[in-house]
């Protein structure tokens with residue numbers, strides 16, 4: 001029986017009214033922001049406004065999670081495969097635009113200028129690989145998780161187990177970065193210690209993902225995307241209007257770049273400031289293009305992103321969903337360079353060269369969180385460029401205050417950053433918990449476990465992983481963007497060759513895929529850990545943020561060589577793979593069935 005025939009009438013009505021539901025939700029959120037703006041004008045303290053933004057938005061997400069709670073396995077793992085392409089694209093955009101994109105990207109562009117474009121190019125380019133190489137074929141395969149595909153394609157639990165290990169490593173590193181982002185926001189806007197703040201964000205995450213699984217996370221992520229994109233666009237549109245008179249920052253920031261370069265060369269206090277537009281000041285060409293490559297391949301390997309394409313009603317909509325994902329991601333990524341430029345202009349004009357005693361209040365407030373540092377090195381009382389340091393993770397959150405915009409805009413941006421971090425954390429925790437409960441517990445430990453027991457195991461594991469991630473994040477292991485980039489290289493080295501060759505090269509054998517995953521993952525992790533924590537010298541000058549540059553080719557080469565040295569897969573499996581690559585036709589595998597041996 002098809003999914004469609006199983007769908008209850010009430011569920012069909014819900015899907016038909018999605019546009020109206022989210023239109024009302026968007027209007028309600030805009031009204032909420034306007035109400036808080038009015039309260040600010042009436043003298044309500046900023047701290048109260050910050051609390052309202054943070055707790056009411058988390059409350060809305062939790063409410064959606066509670067309403068969408070489910071006890072059905074199919075909806076816990078893949079939202080019942082009834083998510084239309086446009087909404088799946090929006091949910092994927094929210095899942096994708098993590099704290100790294102919302103909080104870290106514009107900050108990286110602020111600090112690195114041209115070299116920061118490596119992140120924009122790598123992350124957007126990766127969706128081309130997803131659309132062409134993987135998403136439609138994994139959807140047609142019909143698996144629940146990425147390890148499910150590995151276990152069925154390569155005929156056994158060992159490939160599944162190795163896939164889970166890689167998934168856990170990449171996803172856990174990634175989720176720590178998201179919890180770190182929630183800690184920054186909560187510590188600044190709720191006035192609590194960072195170590196405590198990282199645990200506060202877990203409540204919203206767990207209520208969404210624990211109760212309803214993929215179904216709850218999907219509809220919550222659509223709601224979160226609406227908030228995060230509004231929150232990202234509003235400040236920079238206001239800045240563009242304020243500085244250039246045109247409310248389209250994406251096409252006006254060229255003028256701002258000219259002003260930045262003019263200030264850099266003429267303002268004495270900016271002596272030593274690097275150019276914003278000159279390439280290869282931070283990354284040499286090898287590291288610049290290597291980072292783009294690792295981020296592209298990593299994008300096409302992230303389990304929590306690939307899981308999203310298992311939720312569409314058809315193979316065709318899986319491909320359409322990738323296109324919608326890219327569009328919704330484009331809206332933010334196209335704006336990030338403008339955000340960085342306007343923020344830098346404000347700092348260069350109104351902060352650098354100012355008397356230290358007269359610095360605006362935001363410098364002190366962000367300094368208390370540890371993200372802004374000011375020192376009077378030469379004792380003249382005037383802030384020089386080299387005496388001011390701002391962490392990349394503070395740029396987006398602090399820009400409304402830097403530009404003197406109403407505090408309600410700062411609260412709005414905080415709500416957007418929280419939405420970005422929570423949405424990605426939801427997806428990552430769900431990917432980890434599903435891998436442990438479905439791929440390890442159900443597939444390998446207790447194949448006879450009933451639905452209730454499997455859901456209980458998934459929820460317990462989700463809570464456990466979330467608490468451990470919060471603890472690790474509280475130790476501030478690294479910057480958000482660095483942790484995220486590591487996750488991409490780990491996923492790319494351990495999963496991408498086995499996934500791509502499993503679809504596109506029928507001769508790929510079980511031994512070849514397993515050997516490739518182990519070698520690629522091992523080389524990547526060895527280089528990352530050795531250079532980061534044990535002082536190992538860099539290979540060819542490649543920074544560990546691009547450690548996949550060694551792991552990915554090692555995995556491909558190992559898979560190819562071992563596959564040639566071992567017996568080819570059965571003809572039935574090769575025919576099965578042929579059918580997966582056919583654009584049309586029904587899903588080939590469903591729960592309870594296996595691919596041919």
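The values are calculated or read from the model by the stated rules, or taken from the named source; none is laboratory data. Note that the coordinates shown come from a computational prediction; the quantities given were computed from them, not determined experimentally. Using ideal geometry, Cβ is built from the backbone for each residue, glycine included, and neighbour counts are taken over all protein chains shown.
Overview of results
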{"read-out": "Tally of residues being at pLDDT 90 or above, buried (at least 16 other Cβ atoms within 10 Å of the Cβ) and not in a helix (DSSP H, G or I) across the stretch 352-369", "value": "4"}
{"read-out": "Test: residue in the stretch 4-17 that is within 20 Å of the chain's Cα centre (by Cα), under 21 Å from residue 308 (Cβ atoms), in a helix (DSSP H, G or I) and modelled with pLDDT under 80", "value": "no"}
{"read-out": "Test: residue in the stretch 84-100 that is at pLDDT 90 or above and either closer than 24 Å to residue 551 by Cα or surrounded by fewer than 24 Cβ atoms within 10 Å (Cβ to Cβ) (or both)", "value": "no"}
{"read-out": "Test: residue 386 is at pLDDT 90 or above, over 19 Å from residue 232 (Cβ atoms) and part of a helix (DSSP H, G or I)", "value": "yes"}
{"read-out": "The stretch 119-152, subset over 21 Å from the mean Cα position of the chain (by Cα) and not in a helix (DSSP H, G or I), residue modelled with the lowest pLDDT", "value": "143"}
{"read-out": "Single condition residue 265 does not satisfy, out of (1) part of a helix (DSSP H, G or I); (2) at pLDDT 90 or above; (3) touching a helix residue (DSSP H, G or I) at 6+ places or on another chain (Cβ under 9 Å); (4) surrounded by fewer than 24 Cβ atoms within 10 Å (Cβ to Cβ)", "value": "(3)"}
{"read-out": "Enumeration of residues in the stretch 330-351 that are surrounded by fewer than 20 Cβ atoms within 10 Å (Cβ to Cβ) and assigned to a loop (DSSP other than H, G, I, E, B)", "value": "334"}
{"read-out": "Extreme residue, nearest to residue 180 (Cα to Cα), among residues of the stretch 389-413 that are in contact (Cβ under 8 Å) with a residue 60 or more places away in the chain and assigned to a loop (DSSP other than H, G, I, E, B)", "value": "391"}
{"read-out": "Any pair with Cβ under 6 angstrom, 6 or more apart, that starts in the stretch 150-161 at a residue that is closer than 14 Å to residue 577 by Cβ and ends at one that is not in a helix (DSSP H, G or I)", "value": "152/594; 152/595; 155/597"}
{"read-out": "Tabulated pairs, the stretch 525-545, first in contact (Cβ under 8 Å) with a residue 24 or more places away in the chain, second surrounded by 16 or more Cβ atoms within 10 Å (Cβ to Cβ) and assigned to a loop (DSSP other than H, G, I, E, B), C-beta under 6 angstrom, 6+ apart or interchain", "value": "527/547; 528/547"}
{"read-out": "Residue match in the stretch 302-320 (condition: at pLDDT 80 or above, surrounded by 24 or more Cβ atoms within 10 Å (Cβ to Cβ), part of a loop (DSSP other than H, G, I, E, B) and touching a helix residue (DSSP H, G or I) at 6+ places or on another chain (Cβ under 6 Å))", "value": "yes"}
{"read-out": "Scope the stretch 451-477; condition assigned to a loop (DSSP other than H, G, I, E, B) and without any contact (Cβ under 8 Å) to a residue 24 or more places away in the chain; matching residues", "value": "475"}
{"read-out": "Odd one out for residue 282, checked against (1) at pLDDT below 95; (2) part of a helix (DSSP H, G or I); (3) in contact with a helix residue (DSSP H, G or I) (Cβ under 6 Å, 6 or more places away or on another chain)", "value": "(2)"}
{"read-out": "Failed item in (1) over 25 Å from residue 472 (Cα atoms); (2) not in a loop (DSSP other than H, G, I, E, B), with residue 155 passing the rest", "value": "(2)"}
{"read-out": "Test for residue 552: is it touching a helix residue (DSSP H, G or I) at 6+ places or on another chain (Cβ under 7 Å), assigned to a helix (DSSP H, G or I), closer than 26 Å to residue 116 by Cβ and modelled with pLDDT of 95 or more", "value": "yes"}
{"read-out": "Selection from the stretch 370-385 of residues that are in contact (Cβ under 8 Å) with a residue 60 or more places away in the chain, surrounded by fewer than 20 Cβ atoms within 10 Å (Cβ to Cβ) and over 19 Å from residue 263 (Cβ atoms)", "value": "370"}
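Rundown of residues vs (1) surrounded by 16 or more Cβ atoms within 10 Å (Cβ to Cβ); (2) modelled with pLDDT under 95; (3) in contact with a strand residue (DSSP E or B) (Cβ under 6 Å, 6 or more places away or on another chain); (4) outside any loop (DSSP other than H, G, I, E, B), yes/no style:
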site: 506; (1), (2), (3), (4): yes, yes, no, no
site: 514; (1), (2), (3), (4): yes, no, no, yes
site: 524; (1), (2), (3), (4): yes, no, no, yes
site: 529; (1), (2), (3), (4): no, yes, no, yes
site: 558; (1), (2), (3), (4): yes, no, no, yes
site: 572; (1), (2), (3), (4): no, yes, no, yes
site: 575; (1), (2), (3), (4): no, yes, no, yes
site: 578; (1), (2), (3), (4): no, yes, no, yes
site: 589; (1), (2), (3), (4): yes, yes, no, no
